[in-house]
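J.: Before we start, here is the structure in question, set down as structure tokens.
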Amino acid sequence: MEVHRDIDSFRQARRDLDGTVAFVPTLGSIHEGHLALMREGRRCADHLIVSIFVNPTQFEPGSDYEAYPRALENDCEKCESLGCSIVFAPTEDEMYADDHTTTVTIDGLTDVLCGPQRPGHFDGVTTVVTKLLNIVEPETAVFGDKDYQQLAIIRRMVRDLNMPVDIVGVPTVRETDGLAVSSRNDYLDDAQRRDAAALSRALARAWHRFNEGLRDAEQLVEAARHHLLTYDSIDDASIDYVQCVHPETLQLYGGKHREIGEAGAVMAMAVHIGEARLIDNLRLDAPLPDELSDG
Ligand code: PAF
């Protein structure tokens, strides 16, 4: 496996690969969730390329950019163990010229869920993903369902800009108690870690209500919020949002449009527990993941 830190030498190595390429972009701090993306990448192409880059433009002011865990050597070992051909781990200077002024913005899909709470975040993501796709030129790029909104935005971007890449989504990897695997789980102490299972349990609660026949999105959101509020370290103030949205357009169900129709719905939430802002989501009209089946 080769590791490249600058674009020119990466491009040379990329040109030398024979066959198709699947690409997994990451912020590093590789965990089981990333490994599932990499396995999917290995399955659908001849070569796997992984990028490791803590992208500053997607961290809004006051967020955890400085504290975000960085472990390049360890990450590269994990990539190698999964049969990755090249790791692209650029420096910030390599990715962003001092006077860079170009941003990729996707309208509409960014107005709900994490969009209002994280101004500029999705512009940072779509801009860096565009740059990475231009540099890596993969046939396939693999993203996690865990960042459901990010995945929907990237799919839209690729469609709207006719980018020649297939976007593949991979189901969220969960701990045995249902908690979605995330680098930010490392910020939790033991008690907070126990409380963090509340997110997936609240989603499972809403899933059960939906599958018993409840179609009123506001009542489903209320059921999930009620469940969250029974946990020690979670109060109203720590819930950023709990929302039900259309699976593709991400249009919010609520008010006059509270009735969930044929298209189904995704329930998504963001909750602060201690230093961590955790997100999770669940498709209500799909089978319940095994780890949530006692929720
Ligand atoms: O999901 C992530 O880890 C990041 O948002 C991504 C796609 C690597 C862009 O920096």
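The values are calculated or read from the model by the stated rules, or taken from the named source; none is laboratory data. Just so it is clear, the model here is predicted, and its values are computed rather than measured. Note that each Cβ is placed from the backbone with ideal geometry, even for glycine, and that neighbours are counted across all protein chains shown. Side chains are part of the model used for accessible areas, which takes the heavy atoms of the whole protein and leaves out ligands, DNA and RNA. Shrake-Rupley method; radii C 1.70, N 1.55, O 1.52, S 1.80 Å.
J.: Taking R0 as 25 Å, what's the FRET efficiency between Asp111 and Glu222 from their Cβ-Cβ distance, rounded to 0.05?
T.: 0.65
J.: Residue-wise, which Karplus ³J(HN,Hα) couplings in Hz belong to segment 66-72, taking 6.51 cos²θ - 1.76 cosθ + 1.60, θ = phi - 60°, and x for glycine or proline?
T.: 5, 7, 4, x, 10, 8, 4
J.: Now for a separate question. Can you work out ³J(HN,Hα) from phi for every residue in segment 93-107, in order, using Karplus 6.51 cos²θ - 1.76 cosθ + 1.60 and θ = phi - 60°, giving whole Hz and x for Gly and Pro?
T.: Computed from phi, the couplings for segment 93-107 are 4, 5, 7, 10, 5, 3, 9, 5, 9, 9, 10, 9, 10, 10, 7 Hz.
J.: Something else: Rank Gly120, Gly213, Gly264 by mean-square fluctuation in a GNM of the chain with C-alpha springs under 10 angstrom and give only the top-ranked residue.
T.: Gly213
J.: What are the ³J(HN,Hα) couplings of segment 264-270, residue after residue, when phi is run through the Karplus curve with 6.51, -1.76, 1.60 and θ = phi - 60°? Round to Hz, x for glycine and proline.
T.: Each residue's phi maps through the Karplus curve to give x, 7, 10, 9, 10, 8, 9 Hz.
J.: Would you kindly find the accessible area of Val158, with a 1.4 Å probe and non-protein molecules such as ligands, DNA and RNA excluded, rounding to the nearest 10 Å²?
T.: 10 Å²
J.: Simple spin-label model, 7 Å along Cα-to-Cβ: Arg194 to Glu2 in nm?
T.: Each label point lies 7 Å from its Cα, and together they span 5.1 nm.
J.: Within straight cross-link reach of Lys78, meaning Cα distance under 28 Å, which lysines are found once same-chain residues fewer than 8 apart are removed?
T.: Of all the lysines, those that pass the test against Lys78 - Cα under 28 Å, at least 8 places apart if same chain - are Lys131, Lys146.
J.: Under 5 Å between amide hydrogens, which residues at least 5 positions from Tyr253 or on another chain qualify, with H placed 1.01 Å from N in the peptide plane?
T.: Long-range HN contacts for Tyr253: Cys244, Val245, His246.
J.: Turning to a different aspect of this structure: According to a simple spin-label model (label point 7 Å from Cα along Cα-to-Cβ), what is the distance in nm between Asp232 and Glu137?
T.: 5.5 nm
J.: Okay, moving on. Under 1.5 on a/c is rounded, so check that first for segment 86-189, then, if it is not, pick prolate when a/b is larger than b/c and oblate when it is not; a ≥ b ≥ c are the square roots of the alpha carbon gyration tensor eigenvalues.
T.: It comes out rounded by the Cα gyration axes.
J.: Still on this structure, I have one more. Report the full-extension gain for the segment Lys256 to Leu288: residue separation times 0.36 nm, less the Cα-Cα distance, to one decimal in nm.
T.: 8.7 nm
J.: Relative to the present Cα-Cα distance, how much length would full extension add between Met163 and Glu80 at 0.36 nm per residue of separation?
T.: 27.1 nm
J.: Taking the convex hull of the Cα atoms, report for segment 79-147 its projected area averaged over all directions, in nm².
T.: 6.4 nm²
J.: Please give me, ordered by residue number, the GluC sites (Glu not before Pro) of segment 215-295 that lie in loop per DSSP and have at most 14 other Cβ atoms within 10 Å.
T.: Taking segment 215-295 and a limit of 14 other Cβ atoms within 10 Å, the loop GluC sites (Glu not before Pro) found are Glu248, Glu262, Glu275.
J.: How about segment 18-82: which GluC sites (Glu not before Pro) there are in a DSSP loop, with at most 13 other Cβ atoms within 10 Å of their Cβ?
T.: Passing sites in segment 18-82 are Glu66.
J.: Here's something else I'd like to know. Which residue fluctuates the most in the chain, going by a Gaussian network model with Cα springs under 10 Å, if the choices are Asn162, Asn74, Asn134?
T.: Among Asn162, Asn74, Asn134, the largest mean-square fluctuation in the Gaussian network model of the chain belongs to Asn162.
J.: Taking the solvent-accessible surface of protein heavy atoms with a 1.4 Å probe, what is the per residue accessible area of the chain in Å²?
T.: Spelled out: the 1.4 Å probe surface of the chain, per residue, equals 47 Å².
J.: OK, next. Using the alpha-carbon centroid of each, what span in Å lies between segment 162-202 and segment 249-295?
T.: Using only Cα atoms to place each centre, the spacing works out to 13 Å.
J.: Apply the Debye scattering formula to the chain, with a single equal point scatterer on each alpha-carbon and no solvent, then give log10 I(q)/I(0) at q = 0.07, 0.09, 0.12 Å⁻¹.
T.: -0.27, -0.44, -0.80
J.: To the nearest 500 deg cm²/dmol, what mean residue ellipticity at 222 nm is calculated for the chain from DSSP H runs of n ≥ 4 alone, each contributing -39,500 (n - 2.57), summed and divided by the residues?
T.: -10500 deg cm²/dmol
J.: First compute the accessible area of the chain with a 1.4 Å probe, then give the percent of it belonging to carbon and sulfur atoms.
T.: With neighbouring chains kept in place, the figure for the chain is 45 percent.
J.: Counting only residues 5 or more places away or on other chains, whose amide H sits under 5 Å from the amide H of Asp240 once H atoms are built in the peptide plane?
T.: So Asp240 has HN proximity to Ala270, Val271, His272.
J.: Once you place label points 7 Å from the Cα toward the Cβ at Arg43 and Ser9, how far apart are they in nm?
T.: With each label placed 7 Å out from Cα toward Cβ, I get 3.4 nm.
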